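Peer 1: The structure that follows is given in the form of structure tokens.
The values are calculated or read from the model by the stated rules, or taken from the named source; none is laboratory data. It should be emphasised that the depicted structure is a prediction, and the values quoted were computed from it without experimental measurement. Reconstructed Cβ throughout: ideal geometry from the backbone, glycine too, with neighbour counts over all protein chains shown.
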Amino acid sequence: MAAASSAMARPFRPIVHAANELGQQVVRISSFFLKELWAALRQPKLILSVVLGPFLILATFGIGYRGQTPQLQTTLLLPQDDPRLPEDPAAYRDLFSSVFVLDNVTRDRSAAEAALASGRTNVVVIVPERPEDQVLNGQQARFDILFNEIDPLQSAWVRYFATVAVQELNRRVLAGLVGNAQAPAEELGRVAGQMRGQADALEQDLREGNAIAAGARVVALRQTLGAVRTAPSLSPIMAISGEADPLTPIEADLAAIEGDLLAGRVNTPEQLQRAASLRTSARELEVQSQRLTQIPPDVLVAPFSIEARNTVPIEPTPIAFFVPAVIALLLQHIAISLTSLSMVRDRLLGAMDIYRVAPIGPLEVLLGKSLSYGLLLSIVAGLLVLLVTMLLNVPILGSPIWVAVSLGLLLFASLGMGFFLSQLASTETQAVQLAMLVLLCSIFFGGFFLALTTLWPPVRAISYVLPVTYGAIDLRDVMLRGIRPDWLMLAAPALLGVVMYVLAARGVSREMATQ
């Protein structure tokens with residue numbers, strides 16, 4: 001019977017063996033699965049940083065992001081000798097959109113350009129001298145716009161909104177032109193010529209002391225003035241010249257002459273002067289009517305043009321603009337990763353116990369590591385700058401010394417931040433995760449691809465605790481603008497690095513304290 005059972009079970013032995021082997025593999029795999037899962041669950045900091053960290057960063061960015069449309073502080077530069085244009089900003093606010101925020105009106109070009117160069121204003125709008133003369137001569141009156149921007153995206157915004165602004169100005173003028181396009185300007189010129197002749201006769205009557213004839217001339221002039229007032233072609237002239245009502249001075253002169261005649265005064269110097277003014281005003285209206293008929297149609301429908309000029313030495317390409325920020329971001333991330341992992345690894349390998357009994361202080365530990373990593377990263381930074389200038393044609397318009405200073409301060413602050421973050425991590429995995437969270441913050445809040453002005457000011461405060469923010473600003477100033485970085489932008493990363501080193505030294509000091 002046993003032999004028969006053995007013979008019957010023989011075909012199933014491979015199946016049983018395979019099942020046993022599969023069961024053993026499941027047991028081995030599940031043991032590693034449970035081990036790693038338990039190890040991860042025993043690290044609440046890691047779980048919180050993985051789940052809450054990215055969520056908080058994205059939520060903060062969503063709250064603080066205010067959109068790409070910029071608000072450009074604008075200075076309006078008026079012609080020197082044009083008293084018709086007041087210097088009160090309130091007179092021009094309705095001509096500017098929400099993008100161009102008018103905050104200053106001046107006639108001093110040097111002061112306006114100095115404000116643009118120093119960053120006190122973003123845009124200078126230069127009003128042409130007597131634009132109505134250029135339009136009536138058949139030429140577009142050009143508004144020049146000056147701005148100082150190395151960001152290609154911001155430059156495109158300025159040019160786009162400048163074009164929109166001049167189109168709105170053309171639309172306002174065109175509304176006055178097209179609304180009465182059927183009325184011939186020749187008729188207005190004829191009536192204006194008639195009024196000029198009547199003004200000549202009035203002046204002659206006044207000189208001769210003929211009050212009766214002068215009074216009749218005044219009545220005739222009022223009738224002619226009424227015809228001019230109702231002429232359809234008057235509004236296009238008013239739209240182009242920018243005058244509220246060119247007939248108001250004529251009416252005032254006529255009223256004054258009529259009042260003198262009623263009072264019995266004839267041939268006074270003031271009367272003669274007003275009569276000459278009447279003749280001059282009528283002549284100007286006649287000339288403008290004649291010139292209106294000679295304006296080319298393309299100038300008539302678009303009397304104003306615009307030229308936006310960037311005042312930076314070289315307008316960088318998108319690659320050139322982003323390269324300084326990329327260099328700063330890479331160096332910051334490498335520095336934070338190296339230093340945080342180094343301190344965590346020393347803690348896990350028991351090196352802290354050796355430091356505790358050795359004649360060495362916490363600051364000496366940090367400075368020794370900083371010198372090592374600082375030298376390594378300085379070489380990396382130098383090679384990166386050399387490669388981007390030679391292979392990507394990214395210019396360095398400023399002094400290489402300031403490039404070195406900017407990179408040195410960036411590395412100093414980044415190394416200090418890495419040492420500080422190492423105090424928050426218990427394992428290498430947590431250190432890596434914290435470094436990645438800082439990298440994510442730097443991309444969203446460090447001015448890497450979005451201007452800092454697009455962030456809500458309370459949220460923008462996050463940008464100023466990131467070394468990459470200062471590194472990108474300083475490198476762009478030196479490399480692309482050719483200027484020395486602002487002292488505040490140099491002092492800030494230095495202060496940030498000092499604070500990070502002090503906090504890190506206190507943490508290391510507690511770890512090295514004799515138990």
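Peer 1: It is to be established whether one or more residues within the stretch 115-124 are buried (at least 19 other Cβ atoms within 10 Å of the Cβ), of a type outside the set (D, E, K, R) and more than 22 Å from Arg484 (Cα to Cα).
Peer 2: Checked the stretch 115-124: at least one residue is buried (at least 19 other Cβ atoms within 10 Å of the Cβ), of a type outside the set (D, E, K, R) and more than 22 Å from Arg484 (Cα to Cα).
Peer 1: Going by the conditions given, is Ser414 buried (at least 21 other Cβ atoms within 10 Å of the Cβ) and either polar (S, T, N, Q) or part of a helix (DSSP H, G or I) (or both)? Before you say what the answer is, go through the steps one by one.
Peer 2: Working: buried (at least 21 other Cβ atoms within 10 Å of the Cβ): yes; either polar (S, T, N, Q) or part of a helix (DSSP H, G or I) (or both): yes.
Yes; evaluated as a whole, the condition is true for this residue.
Peer 1: A further question on this structure: Being touching a helix residue (DSSP H, G or I) at 6+ places or on another chain (Cβ under 7 Å) and surrounded by fewer than 22 Cβ atoms within 10 Å (Cβ to Cβ): is that true of Met390 here?
Peer 2: Numbers: touching a helix residue (DSSP H, G or I) at 6+ places or on another chain (Cβ under 7 Å): no; surrounded by fewer than 22 Cβ atoms within 10 Å (Cβ to Cβ): yes.
So Met390 does not fit the description; no.
Peer 1: Next up: Does Ala435 satisfy the criteria of being touching a Pro at 6+ places or on another chain (Cβ under 8 Å), assigned by TED's automatic domain parsing to the domain that holds Ser342 and within 29 Å of Thr389 (Cβ to Cβ)? I'd like the intermediate steps shown before the answer.
Peer 2: Details: touching a Pro at 6+ places or on another chain (Cβ under 8 Å): no; assigned by TED's automatic domain parsing to the domain that holds Ser342: yes; within 29 Å of Thr389 (Cβ to Cβ): yes.
Spelling it out, it is not the case that Ala435 is touching a Pro at 6+ places or on another chain (Cβ under 8 Å), assigned by TED's automatic domain parsing to the domain that holds Ser342 and within 29 Å of Thr389 (Cβ to Cβ).
Peer 1: Could you pull out the residue among Gly418, Gly350 that is at positive phi and not charged (D, E, K, R)? Before you say what the answer is, go through the steps one by one.
Peer 2: On the way: Gly418 fails: at positive phi.
Answer to the selection: Gly350.
Peer 1: Give the residues of the stretch 106-146 that are within 25 Å of Gln288 (Cβ to Cβ) and touching a residue at least 60 places away in the same chain (Cβ under 8 Å), sorted by residue number.
Peer 2: Pro131, Glu132, Val135, Leu136, Asn137, Gly138, Gln139, Gln140, Ala141, Arg142, Phe143, listed by residue number.
Peer 1: Can you name the number of the only condition in (1) modelled with pLDDT under 75; (2) assigned to a helix (DSSP H, G or I); (3) among the acidic types (Asp, Glu); (4) loosely packed, with under 14 Cβ neighbours inside 10 Å that Glu270 fails?
Peer 2: Here Glu270 clears every test but (1).
Peer 1: Now for a separate question. Collect the residues in the stretch 72-102 that are farther than 10 Å from Val125 by Cβ and among the polar types (S, T, N, Q), keeping them in residue-number order.
Peer 2: Those that are farther than 10 Å from Val125 by Cβ and among the polar types (S, T, N, Q): Gln73, Gln80, Ser97, Ser98.
Peer 1: To continue, here is another question. Can you tell which of Pro313, Pro296, Pro324, Pro400 is buried (at least 19 other Cβ atoms within 10 Å of the Cβ) and either at negative phi or at pLDDT 80 or above (or both)?
Peer 2: Details: Pro313 fails: buried (at least 19 other Cβ atoms within 10 Å of the Cβ); Pro296 fails: buried (at least 19 other Cβ atoms within 10 Å of the Cβ); Pro400 fails: buried (at least 19 other Cβ atoms within 10 Å of the Cβ).
Just a single option satisfies the conditions, and that option is Pro324.
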